[in-house]
1. Which order do peptides 113-120, 191-198, 210-217 fall in by mean Cβ count within 10 Å, highest first?
2. List the lysines whose Cα sits under 29 Å from the Cα of LYS23, skipping any in the same chain fewer than 8 residues away.
3. Would you mind listing how long the chain runs along its three principal axes, going by Cα atoms, in whole Å with the largest first?
4. With everything on Cα atoms, drop me the angle between helix 246-257 and the longest principal axis of the chain, reported from 0 to 90° to the nearest 10.
5. Determine the share of the chain's accessible area contributed by carbon and sulfur atoms, expressed in whole percent, with a 1.4 angstrom probe.
6. Given all pairs of different Cα atoms, what value in angstroms does the Kirkwood hydrodynamic radius of the range 170-230 take?
7. Taking the 0 to 90 degree range and rounding to the nearest ten, how far is the long axis of helix 28-43 tilted relative to the main principal axis of the chain, both from C-alpha atoms?
8. Please calculate how many Å² of accessible area the chain carries per residue, with a 1.4 Å probe and no DNA, RNA or ligand atoms counted.
Amino acid sequence: MPELVVETVRHVRVLRLDRPERKNALTATLGWSIVRAVAGADADDDVRVIALTGNGDAFCSGLDLGSDNDGVPDTGLSEQERLLDEKGWVGRFLLALRFDTDKPVVAGINGAAVGAGLSLAMAADIRIAADRARLHPGYLRAGTSPDGGLTWSLPTLVGHETALRFLLESRFVDAGEALRLGLVSEVVPAEQLEARLLEFCEAIAAQAPLAVRRTKHLVARTPLVSDIDARAVEEIRAAVAGLDSEDGQEAVRAILEKRTPEFRGR
């Protein structure tokens, strides 16, 4: 049985972790499926936004410690790449969701997000949580330190002290506190999460696709910028390219004609 359900709703690629009987705990098969599904969405020009959520009452409870035999997962790597690989699937979460795709990734945290499941959620660009969601770093409880890019994504999101305190206190944070801390940007009733997630993603998908992609590309890399002059040039180049594009010209016409633009991703 597939551990990841993939569907496309108009211009939104929806990825649903589908191991509800195990609280969507991560196996190597599921982890690699997520990485490959994000890459597949990035390569599909009809997809403009990626939504990530879980089936059942949990988002992802972290690594499935009770899974002894996961078979041989499809990594998508060549034999030599596999032999040279040091990151595995969990080490690719942040890279895959934040940097390897410039399409926005929106996580719908429908329940518990723990350990590597929390790392997966934090690797997304935007997080909307159900009011029943609970977040827990999990790693110290397992006697280890974070992976999945969490030591980069979390301080970048909430700052050094808040991130370190959250990791070291190693406790569950409910949806309301997660919102106050800045771990998520919106909380909705659990029964409304699916509809709200899709509504939000479709609103982004209605924007000019190339402009959206350039915007994510620039914002995602801002913490890596060391040369502000080079960033200023990069911004200007992207803005001019957007205005010169077919969608940019359509946007200006729509403003002047007081109508809704029709974007084609060109």
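The values are calculated or read from the model by the stated rules, or taken from the named source; none is laboratory data. Everything numeric in this text was worked out from a predicted model, so none of it was measured. Using ideal geometry, Cβ is built from the backbone for each residue, glycine included, and neighbour counts are taken over all protein chains shown. Please note that ligands, DNA and RNA were not included when accessible areas were found on the heavy atoms of the full protein model with its side chains. Shrake-Rupley method; radii C 1.70, N 1.55, O 1.52, S 1.80 Å.
1. On the way: 113-120: 28.4, 191-198: 16.8, 210-217: 19.1.
By packing density, highest mean first, the sequence is 113-120, 210-217, 191-198.
2. Partners found: LYS87, LYS103.
3. So the extents along the principal axes, rounded to whole Å, are 59, 45, 40.
4. That works out to roughly 60 degrees.
5. Values: 7220 of 13660 Å².
Carbon and sulfur together cover 53 percent of it.
6. Result for the range 170-230 stands at 14.6 Å.
7. 0 degrees
8. Ligands and nucleic acids excluded, the result is 51 Å² per residue.
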